[in-house]
């Protein structure tokens, strides 16, 4: 191994450590099923408890998604409800290897090589994640992206990369199926941000979260007053009606008291 390869390996490990440490104060991401691309451009974590999907992806200062990694590249952190996961697919070269969900147009935004490749070789292997969102709808997790160094399909490296891609695909497929049967979590989603010098002004949030944040103070006070208001007289259960015998006793006592008063 040459000196340049050693340096590159160390730089990649440093970048990996930085990526794994991002937003560690917001949640225990290390305890969630997660994976990242081999080029460290993308990272995904699945929060089964809160039914959310967390995604980090590298972008430049202009907000464009990076296609080539470099040391110290900034990341944007986004989070979505799992129910907004529309489709997933493993793409090999320029065609589907396996897919699930709505993936008809998933290849259109693929960032990778479409160079001609022999049938027994691969120059591009990636897991694509499609979200139901107007701006951030497609995320790409690369497992192999070397257009000028095709990888033989009968090689151990190809088998290892495909095995890892399938494992990540299976995790997302299970999460996708479970999200259709599980009510949406009431927990507040984590804020989205660019891991750089500024925060995103308009985070991706559910409509329910937006409704809570925009509630008027008067409405909140009114809810608190209603919560603390004592039970009204109408809500108090009335005393049971006296029996016939009890009424006779009461009437006799009343007459006796009147007679005593008259005698005085």
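Computed from the coordinates by the stated procedures, all read-outs in this text should not be read as laboratory data. Computed from a prediction, not measured in an experiment: that's the story for all the values here. All Cβ positions, glycine included, derive from the backbone under ideal geometry; neighbour counts span all protein chains shown.
The table for this structure:
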quantity	calculated
Two-site FRET efficiency, residue 167 against residue 105, from Cβ-Cβ distance with R₀ of 45 Å, rounded to 0.05	0.95
Förster-model FRET efficiency, 22 Å R0, residue 25 and residue 48, C-beta, rounded to 0.05	0.60
